[in-house]
């Protein structure tokens with residue numbers, strides 16, 4: 001079973017994404033901050049990370065940079081409610097970028113593609 005680390009400071013996103021991803025057959029682990037994600041990364045060794053950009057403390061872009069230094073081949077999907085982050089050059093280090101939505105089709109398609 002493929003392991004996904006979901007990093008987001010919003011509980012509602014965790015519930016929504018977890019339900020859908022587990023229904024797809026993935027093992028989902030959660031982190032509520034960038035710091036927690038970096039601590040979990042080494043232990044869990046996930047197959048993929050879904051990472052929010054706008055979080056208090058260590059933001060998603062800085063977390064992405066640290067993750068890619070530790071595990072450069074691990075796929076990371078940046079997830080944000082804001083389209084404008086997609087234009088940020090720092091976000092280009094991610095393997096995909098999705099805009100948060102109640103329709104998770106884009107997210108599930110990206111996860112399947114990156115884990116196939």
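The values are calculated or read from the model by the stated rules, or taken from the named source; none is laboratory data. Everything numeric here is computed off the predicted structure, so don't read it as measured data. Positions of Cβ are backbone-derived with ideal geometry, glycine not excepted, and every protein chain shown enters the neighbour counts.
Some values worked out for this structure:
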quantity: Qualifying positions in segment 30-46 - within 9 Å of residue 5 (Cα to Cα) and buried (at least 17 other Cβ atoms within 10 Å of the Cβ); calculated: 30, 31, 37, 40, 41, 46
quantity: From the options 1, 67, 74, residue that is touching a strand residue (DSSP E or B) at 6+ places or on another chain (Cβ under 7 Å), loosely packed, with under 15 Cβ neighbours inside 10 Å and either modelled with pLDDT of 90 or more or not in a helix (DSSP H, G or I) (or both); calculated: 1
quantity: Residue check, residue 8 surrounded by fewer than 17 Cβ atoms within 10 Å (Cβ to Cβ) and at negative phi; calculated: no
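Residue by residue, here is whether (1) assigned to a loop (DSSP other than H, G, I, E, B); (2) without any contact (Cβ under 8 Å) to a residue 40 or more places away in the chain holds:
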position	(1), (2)
14	no, yes
20	no, no
29	no, yes
46	yes, no
51	no, no
61	no, yes
